[in-house]
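The values are calculated or read from the model by the stated rules, or taken from the named source; none is laboratory data. As the structure is a prediction and not an experimental result, all values here were calculated from the model. A quick note on method: Cβ atoms are made from the backbone with ideal geometry, for glycine too, and the neighbour counts reach across all protein chains shown.
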Amino acid sequence: MNSIGVDIGGTFTDLVGYRDGQMVLAKTLTTPSNPALGVANALELSGTSLSELDEFLHGSTMAINTVLERKGSKTALLTTQGFRDIYEIGRGNRPDAFDMNFQRPEPLVPRDLRYEIQERLNAQGQVVTPLNEAQLLDLAAQWQVNGIEAVAVCLLHAYANPAHEQRVGALLRAAYPDLFITLSHEILREFREYERTSTTVLNAYVGPPVQRYLKNLSDHLQTQGLRGNIQIMRSNGGSMSLARACIEPVSMMESGPVAGMIGAGHVARLLGLPQAIGFDMGGTTAKAALILDGVPIIEEGYFIGGYASGQPMQLPVVAIVEVGAGGGSIAWRDASGGLHVGPHSAGADPGPVCYRRGGRQPTVTDANLVLGRLNPDRFLGGDMKLDSAGARNALSTDIGGPSGLTIEESAQGVVRIADTAMALAVRAVSVRKGVDPRDAAMIAFGGAGPVHAVALCKEIYIPTLVIPKLPGNFSALGMLLAPWRQDWVRTLIGDLEHLRTEQVQHGFDELVQAARKQLQEDALNPAAAEWVYAADLRYRGQEHSITVALHAPLDLVNQIERVRQSFDQLHNQRYGHAAAQERVEVASLRLTVSLARTGDSMEAFIAEAFVAEAQQPEQFRSVIFDDPDHPLSARILWRASLPAGTRIEGPAVIEESNSTTLLYPGDVMQVTEHGHLVIQVHLAQGESA
């Protein structure tokens, strides 16, 4: 099978694929005004014709950027009479107790566009008040007058019985086919009214623009000859059909970043790393995720825009922590003269000053170039010559001159601030999850990740660093490793020891039915899929739960003791204690169905023996590591020419077409038999485990 994975980031568009048994690669600047053009450029650089492809996989930041920039569609929210303000009231907690200027998340739908309708179900799903259909049609007529593009429908207790929502959907879709309708039960059949409402609104809010984006991309690809299947990356680490993505665009929120973490999980399994931290630094942001036993941690909940002031999304998401620190992050001074880096990025247009595309503000990439860490003649394999003089001038004008610093001191300050911000993200997915970084390894990728990774490891005492093959294109590579996957959930509350067989069986039967329907729509074979059953458990009186895997659906009634022990162990692992004497309650049933990819050889590529290219002459260059006044003479090596078993001690810079790895003095790097770089980081005395 000929497959291509394309990751459209804020700065670069990356391509990795297999065509006629050969790997193809490309990296080109993203074209923000028309992302499809960046895809076309990448295909041209790789020498690939769309007519040759059986499958096109795609990841994008389109959905999450639409929310962060608040550029979504004009959306109305329809809910049960008396409940329209749940969406704005939210939770009563105060995420940042010491922030005197704390503000609650600003709703994506203002109050005047939140509508109530007469209907009511109780928590068991029984009808208390029938749906007022005449009122619904009157409201819909108002929406047409007000220019509403999308409607989020979230009726009280629809997770228990979706009948009223289904009727609302049928009436609206028949009368107004151009409206983008999101029904909460089609996205999420789980209790928690605030989170369920927010998730439904998010889907409606991004629906029309994402749908247009995907349709334009599909039309472009098909016009250029693509006849194969188009798959879109999901936030849960799997893929879905283009048709499903158009219905459920909220599942694309972390579409691009998760693919790299899937690839990092494969590398962790290959190298026998039970605990690893995936670190991805691109041109716009840096991301980190915890990987246990080769599997990225997935959480049932996420905040678009951060926990304190973001929009909650109650769907399975690879637990990624993201910060606005990338190669294109802009360095700036505040009114008091303090130096900051990000969150604003120069992006692809105009990009860093050194790109010679009109950028005027210094960025992290400009700072790395001034420090000697980047080769101006080898960037993107030599296809883009960097402007060292321009980078120096920008740092001097905006940072050094006003602050009384030399150009080198300014560059070092920019890099250190960026490293500190990224270290917080790495801590958030390790220390805060109960994992000691000293017992973990970091797997770093992205165009800028290997440049900064050693500094981060030193900052938080990680002894081992892995730079996988093709780090600059690793997220696109990860797409070719991602299975088709979808998750279903259904709320079912009751004491573990008093559940009835028929209610558990009925709950899971509903999930299985929904899964089989989706598999049929995507023309997939249910017999070839992996079916994983689970339940959310909690001690009675607790608010939040822990997901416990089940060998079979009826384990909840036939294997109570084993399920109970598993829950106690997980609770002790996460919180440091368990309460074996307390009663355990079931909150929700879960089903995950996945189908492994077939037809390409990306997994084999990660594990295959590495064959080095012809030797390249070794060079030396002055590089600033810690002291801007005392640069060190560092060996400059070409990665592709380093055979398996090669051992290099820093200071050194290992260059390749789409990334650069930095070795500090005392660091020792070795090339594995598979071609991955494993670095033993030199930590100061007392920092090792």
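Here are the numbers:
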{"quantity": "Qualifying positions in the stretch 397-433 - of a type in the set (D, E, K, R), under 21 Å from Asp629 (Cα atoms) and without any contact (Cβ under 8 Å) to a residue 40 or more places away in the chain", "calculated": "Arg416"}
{"quantity": "Among residues of the stretch 299-354, those that are in contact with a helix residue (DSSP H, G or I) (Cβ under 8 Å, 6 or more places away or on another chain), closer than 21 Å to Asp280 by Cβ and charged (D, E, K, R), counted", "calculated": "1"}
{"quantity": "Selection count where residues are more than 17 Å from the chain's Cα centre (by Cα) and over 20 Å from Glu69 (Cβ atoms), scope the stretch 201-253", "calculated": "20"}
{"quantity": "Boolean, Lys458 is under 18 Å from Val671 (Cα atoms), surrounded by fewer than 24 Cβ atoms within 10 Å (Cβ to Cβ) and among the basic types (Lys, Arg)", "calculated": "no"}
{"quantity": "Matching residues in the stretch 138-181 - criterion: being without any contact (Cβ under 8 Å) to a residue 24 or more places away in the chain and among the aliphatic types (A, V, I, L, M)", "calculated": "Ala141, Val145, Ala170, Ala174"}
{"quantity": "Candidates Gly390, Gly400, Gly381, Gly413, filtered to the one that is within 18 Å of Phe12 (Cβ to Cβ) and part of a helix (DSSP H, G or I)", "calculated": "Gly381"}
{"quantity": "Given (1) crowded, with 21+ Cβ neighbours inside 10 Å; (2) on the phi < 0 side of the Ramachandran plot, number of the condition Ala684 does not satisfy", "calculated": "(1)"}
{"quantity": "The listed residue being out of contact with any Gly (no Cβ under 9 Å at 6 or more places or on another chain) and over 16 Å from Phe508 (Cα atoms), out of Arg574, Arg597", "calculated": "Arg597"}
{"quantity": "Residue ranges of helices (runs of 4 or more DSSP H) in the stretch 474-564 with at least 1 members over 20 Å from Thr592 (Cα atoms) and either modelled with pLDDT under 90 or under 29 Å from the mean Cα position of the chain (by Cα) (or both)", "calculated": "474-479"}
{"quantity": "Selection within the stretch 211-243 - closer than 24 Å to Val593 by Cβ and in contact with a Ser or Thr (Cβ under 8 Å, 6 or more places away or on another chain)", "calculated": "Asn229, Ile230, Gln231, Ile232, Met233, Arg234, Ser235, Asn236, Gly238, Met240, Leu242"}
{"quantity": "Residue list for the stretch 608-625, filter: surrounded by fewer than 14 Cβ atoms within 10 Å (Cβ to Cβ) and touching a residue at least 40 places away in the same chain (Cβ under 8 Å)", "calculated": "Glu608, Ala609, Ser622"}
{"quantity": "Test: residue in the stretch 593-605 that is at pLDDT 95 or above, among the hydrophobic types (A, V, I, L, M, F, W, C) and in a strand (DSSP E or B)", "calculated": "yes"}
{"quantity": "Residue list for the stretch 436-459, filter: out of contact with any helix residue (DSSP H, G or I) (no Cβ under 8 Å at 6 or more places or on another chain) and not in a helix (DSSP H, G or I)", "calculated": "Asp436, Ala440"}
{"quantity": "Subset of the stretch 633-689 (residues that are assigned to a loop (DSSP other than H, G, I, E, B), closer than 21 Å to Phe379 by Cβ and either among the aliphatic types (A, V, I, L, M) or touching a Phe, Trp or Tyr at 6+ places or on another chain (Cβ under 7 Å) (or both))", "calculated": "Leu642, Pro651"}
{"quantity": "Residues within the stretch 150-181 that are within 30 Å of the chain's Cα centre (by Cα), hydrophobic (A, V, I, L, M, F, W, C), buried (at least 22 other Cβ atoms within 10 Å of the Cβ) and outside any strand (DSSP E or B), tallied", "calculated": "2"}
